[in-house]
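S.K.: Below is the structure I would like to discuss, written out as structure tokens.
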Amino acid sequence: MFYADEGNWIESLLVTSGQSFDPDAATEGLSRVELFHHERVTVGSTDRPTHRLTVVAHEPYPFLLGEILRGNAIPNRLELRQEYFDGVVTVEEWDAFRELADRIQDRFGRFELLSVNQVETTGAALGSGQLARVLRNELSPEQLTVLRTAHRLGYFEVPRGTSAEDIAAELDIAQSTLSERLRLAEKRLFDLVFTRTEEPPADAAGE
């Protein structure tokens, strides 16, 4: 997942279930969550139903991820199991990790360190501005304008604060042009986020 702005998160969720799973029904009852896309996928050798969901969530900070980001740590993986989270994060120094562990312990009541790996280089923490710069370079000016205007007018809020007609009027373009630019911008955005890349080496993060 990554933070868009003003409480909006774009999240990619991999859901494996021991029984039949309906993504639309599962997300319909969740407040402030919009299901953007879903697909059936195959992961490893499991024969259990597995789906990849792309959702837009509206909240200031998802609870555990918020603590990680406030600690200037990089969340490499967060996996929700039956009653706990199993995660891998990267921090620059051991003291920063201890502070993060203490915050998680204080807020959620339990923290267990499983292993630590030391690496030579790390990426940039979310919120550093790197992602925003990449998106600005990858999206066309028209796409950026459409997304920025739609967001400013509340198009992505729940419930929506404006309509496609109002956005088109604000930009002085036809509604069909708006729809095309918006869809292309969204597709490019999600292509950047969810296109498969080479897996990092096993020692690339501390657990």
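S.K.: State all residues of the stretch 15-40 that are surrounded by fewer than 16 Cβ atoms within 10 Å (Cβ to Cβ), in a loop (DSSP other than H, G, I, E, B) and not charged (D, E, K, R); if no residue qualifies, say none.
M.R.: Once the filter is applied, which keeps residues that are surrounded by fewer than 16 Cβ atoms within 10 Å (Cβ to Cβ), in a loop (DSSP other than H, G, I, E, B) and not charged (D, E, K, R), the stretch 15-40 yields Ser17, Gly18, Gln19, Ser20, Gly29, Leu30, Ser31.
S.K.: Still on this structure, I have one more. State all residues of the stretch 24-33 that are within 17 Å of the chain's Cα centre (by Cα) and modelled with pLDDT of 85 or more; if no residue qualifies, say none.
M.R.: Thr27, Val33
S.K.: Quick check: anything in the stretch 98-107 surrounded by fewer than 16 Cβ atoms within 10 Å (Cβ to Cβ) and assigned to a loop (DSSP other than H, G, I, E, B)?
M.R.: no
S.K.: Right, something else. Might you check whether a residue that is among the basic types (Lys, Arg) and either assigned to a strand (DSSP E or B) or surrounded by 11 or more Cβ atoms within 10 Å (Cβ to Cβ) (or both) occurs anywhere in the stretch 78-93?
M.R.: no
The values are calculated or read from the model by the stated rules, or taken from the named source; none is laboratory data. Because the structure is a prediction, the values reported are computed rather than measured. Cβ: placed from backbone, ideal geometry, glycine included. Neighbour counts: every protein chain shown.
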